[in-house]
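Note sheet for the following structure.
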Amino acid sequence: MKRKLTTRDIAEIGVMIAALEAVKHALAFLPNVELVTLLIILYTLYFGDKIIYVIAAFILLEGCWYGFGLWWVMYAYIWPLLALLTYLLRKQESVWVFCVLSGGFGLCFGALCSIPYFFIGGAKTAFAWWVAGIPYDLIHCVSNFLLCRVLFLPLKNVAKNVCKRD
């Protein structure tokens, strides 16, 4: 049986959503440089099933901010996939595992986003869309990897301290 969300849970979820939105908007001027990937990895590792609510609200808010276009459909499966991959790697202790996950996710982001184009315009359309974005995927990969390497441990310590408090 699932446990009920406490007031603390709801507050933590709200703060996590606000942090995702804040970093998304703060870095929006930099193409494919973002902290959302890193935060979703950390939230999945340290806040467990609350990530389901966080991702759902984040995706909904993004649609409210930018409109519910085809890109929004992509977000509906891309961010949960990251949480799932992180969950599968949750027992890993090395920061490098999560750096590779973060960088690899950035590198694969365009390929993952091309999936709806496969259904709309076929394999050639999806492939063309993906290839056109490869330079941005490379930026996404490198920036995700570096940001994870620099910020993972300090943010991990913050998350662990928040989770310790009762």
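The values are calculated or read from the model by the stated rules, or taken from the named source; none is laboratory data. On a predicted model such as this, the values are computed, not experimentally measured, just so you know. Using ideal geometry, Cβ is built from the backbone for each residue, glycine included, and neighbour counts are taken over all protein chains shown. We work out accessible area using only protein heavy atoms, side chains counted, and drop any ligands, DNA or RNA first. Shrake-Rupley method; radii C 1.70, N 1.55, O 1.52, S 1.80 Å.
Relative to the Cα centre, the charge distribution of the chain, modelled as +1 at Lys and Arg Cβ and -1 at Asp and Glu Cβ, gives a dipole magnitude of about 520 debye.
Loop sites by DSSP among the trypsin sites (Lys or Arg not before Pro) of the chain, restricted to those with at most 13 other Cβ atoms within 10 angstrom, leave 5-89 as the longest stretch without any of them. Each distinct pair of alpha carbons in segment 106-155 adds a 1/r term; the inverse of their mean, the Kirkwood radius, is 11.7 Å.
Return the carbon/sulfur percentage of the accessible area of the chain, one whole number, probe 1.4 Å, all protein chains in place.
Result for the chain: 73 percent of the exposed heavy-atom area is carbon or sulfur.
The lysines within cross-link reach of LYS50, meaning a Cα-to-Cα straight distance under 19 Å and a gap of 8 or more places when in the same chain, are LYS2, LYS4, LYS91, LYS156, LYS160, LYS164.
Sparsely packed loop sites in segment 60-131 (the chymotrypsin sites (Phe, Trp or Tyr not before Pro) outside DSSP H, G, I, E and B with at most 15 other Cβ atoms within 10 Å) comprise PHE68.
Taking Cα atoms only, the orientation of helix 123-132 departs from the longest principal axis of the chain by about 70 degrees.
Length gained on full extension, HIS25 to ILE134, computed as 0.36 nm times the residue gap minus the Cα-Cα distance: 37.0 nm.
Compute the long axis of helix 50-66 from its Cα atoms, compare it with the longest principal axis of the Cα atoms of the chain, and write down the angle in degrees, 0 to 90, nearest 10. The helix 50-66 is inclined about 50 degrees to the chain.
Per residue, segment 1-48 exposes 54 Å² of solvent-accessible protein surface, assessed with a 1.4 angstrom probe and all protein chains in place.
How much net charge surrounds LYS50 when only the other residues with a Cβ under 10 Å from the Cβ of LYS50 are counted, with Lys and Arg +1 and Asp and Glu -1?
In short, -3.
Listed options for Kirkwood radius over Cα pairs in Å are (1) 16.2; (2) 16.6; (3) 17.3. The value calculated from this structure is the one marked (2).
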